[in-house]
1. For segment 23-35, check the following and say yes or no: at least one residue is among the polar types (S, T, N, Q) and farther than 25 Å from Arg83 by Cβ.
2. Considering each residue of segment 78-109, count those that are in contact with a Phe, Trp or Tyr (Cβ under 9 Å, 6 or more places away or on another chain), among the hydroxyl-bearing types (Ser, Thr, Tyr) and modelled with pLDDT of 65 or more, and give that number.
3. Looking only at helices (runs of 4 or more DSSP H) that fall completely inside segment 1-75, which ones have 3 or more residues that are out of contact with any Ser or Thr (no Cβ under 8 Å at 6 or more places or on another chain) and modelled with pLDDT of 95 or more?
Amino acid sequence: MQDKRDIVNFHDVLSLAESYRVEGERRVKSRTVYTTHQLQILEEEFSKCHYPPPRIIELLAIELDIPHKKIKVWFQNKRARCRRKLIEERKRKERESLVYKYIPKSVYN
């Protein structure tokens, strides 16, 4: 009897092979387009845990019919976007505090 894990891995290999297209001598990877439902589920899971365990990733892959490698990459990208946003917010607050520090209070009060 075939294990579900074997099926998922075969699905990943097939999906990976299909996700590349040849453009001249260079292989170009096509973007994955997620449905609204898939994004909603992924966002909900991300709000629970930024680093889901492998078992959760496998369950999401089966539920959403997405290769588990794509889900891992989605979580990696989402964490990177969150870090970038946090850094940008800190820089913005720092700039604002510097502006108010050097402008006389009479100007902005």
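1. Filtering segment 23-35 down to residues among the polar types (S, T, N, Q) leaves 30, 32, 35.
Pick out the ones that are also farther than 25 Å from Arg83 by Cβ and you get 30, 35.
So far as segment 23-35 goes, yes, one or more of its residues are among the polar types (S, T, N, Q) and farther than 25 Å from Arg83 by Cβ.
2. Count: 1.
3. Values: elements: 4-18, 36-48, 54-64.
Of the helices (runs of 4 or more DSSP H) lying wholly inside segment 1-75, those with at least 3 residues that are out of contact with any Ser or Thr (no Cβ under 8 Å at 6 or more places or on another chain) and modelled with pLDDT of 95 or more span 36-48, 54-64.
The values are calculated or read from the model by the stated rules, or taken from the named source; none is laboratory data. Bear in mind the structure is a predicted one, so any value in this text is a computation, not a measurement. Virtual Cβ from ideal backbone geometry, glycine too; neighbours counted across all protein chains shown.
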